[in-house]
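Notes follow the structure.
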């Protein structure tokens with residue numbers, strides 16, 4: 001396979017609306033020639049039998065499926081692996097939709113997020129996953145927002161893979177973390193006739209690095225080695241323990257499998273405040289909420305500064321924390337919080353080096369993006385003289401451009417007292433007016449009119 005460069009697909013928007021596009025090249029990946037098949041180490045085996053897991057999600061999935069060698073649930077060794085363009089391996093966990101990759105020998109369930117949580121680089125260098133920037137990000141930002149009691153650590157192979165025809169696992173399968181990325185062998189094992197449920201038309205970065213300066217990324221049913229510093233979809237992988245209880249669902253997209261979970265507010269929870277719907281994107285320090293869509297108003301980031309500064313006159317930061325904040329009928333429950341606004345200089349830790357305390361903020365590039373279909377808005381992260389605009393692919397925006405806004409706020413969970421979960425959204429319950437009361441009111445109004453007509 002030819003080594004074709006995959007440069008960061010970034011468009012810089014300038015005042016004259018000229019777009020400078022950097023093209024991306026892809027190399028075709030022939031899955032059919034890969035001989036490697038993932039077999040878990042002995043430590044993942046389990047001495048119990050499936051009957052003892054009656055009522056568990058693991059047993060339910062196995063019972064629901066006919067074992068096949070075609071598209072569907074395949075059994076390889078002691079593992080049950082979904083392969084091809086399957087439609088019945090959806091699972092809902094922690095308010096997020098996942099796809100079931102496999103049920104391992106110990107009956108734990110490896111799952112991959114159906115969507116992605118952000119557009120990020122793998123890191124400055126293509127080190128192994130364990131020491132990578134993206135691994136650190138998943139541990140410190142994503143994992144704390146999951147119910148870890150439902151998980152077990154995820155086994156993965158941390159080999160460098162520089163030839164897709166010779167994928168090996170010489171490095172012992174690691175289980176030092178709960179959350180990883182898709183591996184090349186996950187993708188390979190899920191393929192039947194070049195088709196899989198695990199990928200889409202966009203690029204997401206894989207766990208295995210190609211070399212010290214290249215990583216593997218997907219684009220539909222193909223992969224290529226690419227620069228680690230570019231921005232790709234981040235698709236987390238986690239493992240559910242075998243003891244999770246089944247609640248409902250048949251694995252389809254509209255009726256995914258569900259397990260017993262706590263009723264605490266999680267990321268993805270929707271909350272209606274006034275006429276606005278917000279989504280929880282972080283639960284570590286209060287409930288951080290991002291607006292479900294974007295504001296109808298566009299605004300420039302700043303005319304003089306490249307950071308989110310409340311004291312910057314006529315800036316987006318000032319507008320959000322004065323005019324916009326004052327317009328909110330629920331502003332009294334919004335609390336100040338720290339929002340990271342560091343300038344990105346090719347290290348993900350740069351973003352956390354500076355913060356601003358504000359009532360209204362913006363998402364930075366590290367923040368979890370719950371609604372990935374809502375794109376094309378300012379982040380609070382600068383890169384050089386430009387502001388990173390969040391969309392797919394990432395764009396660099398000149399800071400005096402009028403661009404879309406997706407505000408974020410923080411509230412305390414206690415402020416939701418009196419809210420009820422109605423149609424999947426936390427909101428204040430409004431007692432409906434009974435039909436009989438309406439009829440009585442109509443009669444009271446009509447009676448004087450009839451009297452007047454009679455007198456005339």
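Rule-based calculations on the coordinates, nothing more; no lab input. Values in this document were obtained by computation on a predicted structure and should not be read as measured data. Here the Cβ positions follow ideal geometry from the backbone for every residue, glycine too, while neighbour counts run over all protein chains shown.
Relative contact order of region 286-363: 25 percent, from C-alpha pairs under 8 Å at least 6 residues apart in sequence.
Computed extension gain for residue 371 through residue 264, at 0.36 nm per residue and net of the alpha carbon distance, reaches 36.5 nm. May I ask for the distance between the Cα centers of region 334-410 and region 229-258, given as a whole number of Å? Region 334-410 and region 229-258 have Cα centres separated by 27 Å.
Here the calculated FRET efficiency for residue 332 and residue 297, from their Cβ-Cβ distance with R0 = 22 Å, stands at 0.45, rounded to the nearest 0.05.
The label-point distance for residue 160 and residue 213, in a model that sets each label 7 Å from Cα toward Cβ, rounds to 1.3 nm.
DSSP assigns beta bridges within region 270-415; of those with both partners inside it, close to 95 percent run antiparallel.
The relative contact order of region 108-267 comes to 32 percent, based on Cα pairs under 8 Å that sit 6 or more residues apart. Using R0 = 35 Å, the C-beta based FRET efficiency linking residue 176 and residue 69 works out to 0.55.
Normalised by 2.2 N^0.38 Å, with N the number of residues, the alpha-carbon radius of gyration of region 270-415 equals 0.96. FRET efficiency for the pair residue 136 and residue 398, taken as 1/(1 + (r/R0)^6) with r the Cβ-Cβ distance and R0 = 22 Å, rounds to 0.10. Debye sum, Cα scatterers, region 69-116, no solvent: what log₁₀ I/I(0) at q = 0.13, 0.31, 0.32 1/Å? Debye curve over Cα of region 69-116, log10 I(q)/I(0) at q = 0.13, 0.31, 0.32 Å⁻¹: -0.29, -1.16, -1.19.
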